[in-house]
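To start, the structure itself, in structure tokens.
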Amino acid sequence: MADPLYFLEKECTVCEGKFQVTFVRLRLSLIKQDTDLCAYYKDINPYYYTVWVCPHCGYAAQESEFTKITPSMIKRMQEFSAGRDVNVNLCGVRTREQAIVSYQLAIFYTKMLGLPASKLAGLQLRLGWLYRESGQTDEEMKMLVQACMSYEEALAKERMPIGNLSELTVMYLISDLLWRTGEREKAKLCLSRVVSSPLAKVEKRIADLARDLWQEIRFIEKQEPGNAPKES
């Protein structure tokens, strides 16, 4: 069986230092997927390696964003990192704890550089997934609340699609995150917008996920005290 990981040398866009980046081979076996689209794979978690971190200057960003930094952002990063002792090396095979640190760094720099809310939302959501994997429920919930707020801001202010997420997918994710973080009524309102949207006819998979979540919410509500059918 081929190793699911392979390594390449890259150059940091900020400091031009060379460092090793870990890639995951594409053919991974999907085991299951949570309602907020968190996927579980056999043998390895590819989310561990989504964020690149330069061990020389500390700059961290998702692979798709790492080289898109503008000259003004590079200058800001260089001024920030000047004279600082960078004591972080997340190259090679990562533990879950190291993966969590990589996302924390990427979120910090995304905020510092003033990048769009959609960029922040994706990082916050995936960090929430890593907390879920490690059983850190309080940290997961905090991060999902932040991801939800960022996606709501992106939906209101940014042109869709954002990355590989369509407008309907973003609406569905907001619904799911609202439900997971205790905002039940807002979640149901948002779900109703998803299933009634004209886009639902085109994006059947997302519409089906929304209907499934709606049915799950209704089932849970029926089981709650005061909502169970009365015996005759």
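Specify which of the listed residues (Met171, Met160) is closer than 20 Å to Gln33 by Cα and out of contact with any strand residue (DSSP E or B) (no Cβ under 8 Å at 6 or more places or on another chain).
Selected residue: Met171, the only one of Met171, Met160 that is closer than 20 Å to Gln33 by Cα and out of contact with any strand residue (DSSP E or B) (no Cβ under 8 Å at 6 or more places or on another chain).
Is it true that some residue in the range 40-52 is open to solvent by 80 Å² or more (accessible area, probe 1.4 Å) and either part of a strand (DSSP E or B) or hydroxyl-bearing (Ser, Thr, Tyr) (or both)?
No - not one qualifying residue is present in the range 40-52.
Enumerate the pairs (first residue in the range 17-32 and of a type in the set (S, T, N, Q); second residue anywhere and surrounded by 15 or more Cβ atoms within 10 Å (Cβ to Cβ)) with beta-carbon separation below 8 Å, excluding pairs fewer than 6 apart on the same chain, so at least 6 apart or on different chains.
Gln20/Lys10; Gln20/Cys91; Thr22/Leu5; Thr22/Tyr49; Thr22/Cys91; Thr22/Arg94; Ser29/Tyr41
Can you tell me which residue among Lys75, Lys42, Lys32 is basic (Lys, Arg) and over 30 Å from Leu213 (Cα atoms)?
Residue meeting the stated conditions: Lys75.
For Gly226, which of the numbered conditions (1) in a loop (DSSP other than H, G, I, E, B); (2) within 23 Å of Asp138 (Cβ to Cβ); (3) of a type outside the set (S, T, N, Q) fails to hold?
Single failed check for Gly226: (2).
Tell me which residues, restricted to the range 54-76, are within 19 Å of the chain's Cα centre (by Cα), closer than 16 Å to Lys111 by Cβ and hydrophobic (A, V, I, L, M, F, W, C).
Ala60, Ala61
Here are the criteria: (1) surrounded by 17 or more Cβ atoms within 10 Å (Cβ to Cβ); (2) at pLDDT below 95; (3) not hydrophobic (A, V, I, L, M, F, W, C). Tell me which single one Asp176 does not satisfy.
(2)
Considering each of Gln124, Gln98 in turn, give the residue that is in contact (Cβ under 8 Å) with a residue 24 or more places away in the chain, more than 30 Å from Ala207 (Cβ to Cβ) and assigned to a helix (DSSP H, G or I).
Going through Gln124, Gln98 in turn, the sole match is Gln98.
Is it the case that some residue within the range 13-31 is part of a helix (DSSP H, G or I), open to solvent by less than 40 Å² (accessible area, probe 1.4 Å) and of a type outside the set (Lys, Arg)? Can you show your working first?
Going through the range 13-31, the residues part of a helix (DSSP H, G or I) turn out to be none.
The answer is no, given that none of the residues of the range 13-31 is part of a helix (DSSP H, G or I), open to solvent by less than 40 Å² (accessible area, probe 1.4 Å) and of a type outside the set (Lys, Arg).
Which members of the range 47-79 meet the condition of being of a type outside the set (Lys, Arg), out of contact with any helix residue (DSSP H, G or I) (no Cβ under 8 Å at 6 or more places or on another chain) and farther than 30 Å from Gln33 by Cβ?
Matches in the range 47-79: Cys54, Pro55, His56, Thr70, Pro71, Ser72, Met73, Ile74, Gln78, Glu79.
Select from the range 77-88 the residues that are farther than 19 Å from Leu130 by Cβ and either assigned to a loop (DSSP other than H, G, I, E, B) or within 25 Å of the chain's Cα centre (by Cα) (or both) and list them in ascending order.
Met77, Ala82, Gly83, Arg84, Asp85, Val86, Asn87
How many residues does the range 136-173 contain that are on the phi > 0 side of the Ramachandran plot and surrounded by 20 or more Cβ atoms within 10 Å (Cβ to Cβ)?
Selection size over the range 136-173: 0.
Quick one: which residue in Ala60, Ala117 is under 24 Å from Ala154 (Cα atoms), in contact with a strand residue (DSSP E or B) (Cβ under 6 Å, 6 or more places away or on another chain), of a type in the set (A, V, I, L, M) and at pLDDT 95 or above?
Step by step, each of Ala60, Ala117 is checked, and only Ala60 is under 24 Å from Ala154 (Cα atoms), in contact with a strand residue (DSSP E or B) (Cβ under 6 Å, 6 or more places away or on another chain), of a type in the set (A, V, I, L, M) and at pLDDT 95 or above.
The values are calculated or read from the model by the stated rules, or taken from the named source; none is laboratory data. Keep in mind the model is a prediction, meaning the values are calculated, not measured. Note that each Cβ is placed from the backbone with ideal geometry, even for glycine, and that neighbours are counted across all protein chains shown. Surface areas here come from the heavy atoms of the whole protein model, side chains and all, with no ligands, DNA or RNA. Shrake-Rupley method; radii C 1.70, N 1.55, O 1.52, S 1.80 Å.
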